[in-house]
Every structure is written in C-alpha cells, then in structure tokens.
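All remarks here apply to the structure that follows.
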Amino acid sequence: MHCLLLIGLLSSAIGLRWMVSRHPYSGQKKGPMFGDFEAQRHWMEITVNMEPNEWYQNSTMNNLSYWGLDYPPLTAYHAYLCGLVSNMLNPSWCKLNESRGHESSEHKLFMRYTVTKKITTLMTLLFCPLLYLIDHGHFQYPL
C-alpha cells in the first residue's frame, strides 16, 4: 500500500508539472523583453561571453536595460556554470546579442533542469552525511 501511495504521489507531481509546462510562460514570444525565461537565458549569455568585471557594467555589448544582471555574484556564477554547459550543448542558445528571444523546446528543457533548488535538494538527499553515517554506517541494514 505504501508503494502504491508513493507511485501515486510521484505520478501526480510529474503530471502536474507536465500540465503546467504545456501552457505559455510569462512573456513567451512577446518581445522585446520576452519574460523571465529570457532574463535567465540572457544572464547565461552575458556570463559566458564577457569577463566577470563586465557583467554588471553597461556597454554596447551589455545593455543593462535589456535584462541586466542585477543579482549578487553567486547568481551570476550559477548562470556562468549553466551557460558553460549550455554552450557545450548548443552554442546558439547563448550567442552574445544574437540569441535574444531564443525559445526552443530543447533549451527550455535544459533550463528546467538547471533550477538550483531542485539540484540542491537532490544533492542534499544523495550526499547527506547523517544519512550515510546513521542509516548506512551505524544500522547497516542487510541487503
């Protein structure tokens, strides 16, 4: 019974996420700013194509009125790491000043998998020291 409940909850969570993702997001296909998705994509574009000392500076290559990076440096470095992976998968996703408004389904899927809270939660669960020490070190349940 417990297993069926878990499967039902997991299926419901996946189904709900799928249903929400089938509908337009804020600003989708609505230039010139294209919404929050574009802000996140643009921050990856800025961080992978410019030097860190230029990320927060207005210039011809970094127009701060177009989704200027306005969060603390930790957010910028997160965008940088995601941008590096994004660039390896498809350089057109973060091509400086040429990829504005890019909304491919592949890039949207990539962006969904880079959400920090999900990654942090997963890493916490997978690498929680107390879980290893108590459940696997102390109790040593037989397999």
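Some points to look at:
- Among the residues of segment 1-52, those that are of a type in the set (Asp, Glu) and surrounded by 10 or more Cβ atoms within 10 Å (Cβ to Cβ) comprise Asp36, Glu38, Glu45.
- Single unsatisfied condition, Ser59 versus (1) without any contact (Cβ under 8 Å) to a residue 40 or more places away in the chain; (2) within 21 Å of Gly101 (Cα to Cα); (3) surrounded by 11 or more Cβ atoms within 10 Å (Cβ to Cβ): (3)
- Filtering segment 21-37 to residues that are modelled with pLDDT under 80 and either part of a loop (DSSP other than H, G, I, E, B) or of a type in the set (Lys, Arg) (or both) leaves Arg22, His23, Pro24, Tyr25.
- From the list Trp18, Trp43, the lone residue that is within 14 Å of Gly101 (Cα to Cα) and either touching a residue at least 40 places away in the same chain (Cβ under 8 Å) or part of a helix (DSSP H, G or I) (or both) is Trp43.
- Any hit, segment 118-128, residues being modelled with pLDDT under 70, within 26 Å of Met33 (Cβ to Cβ) and not polar (S, T, N, Q): yes
- Residue match in segment 33-47 (condition: out of contact with any His (no Cβ under 7 Å at 6 or more places or on another chain) and farther than 20 Å from Arg112 by Cβ): yes
The values are calculated or read from the model by the stated rules, or taken from the named source; none is laboratory data. Nothing here was measured: the structure is a model prediction, and the numbers come from that model. Using ideal geometry, Cβ is built from the backbone for each residue, glycine included, and neighbour counts are taken over all protein chains shown.
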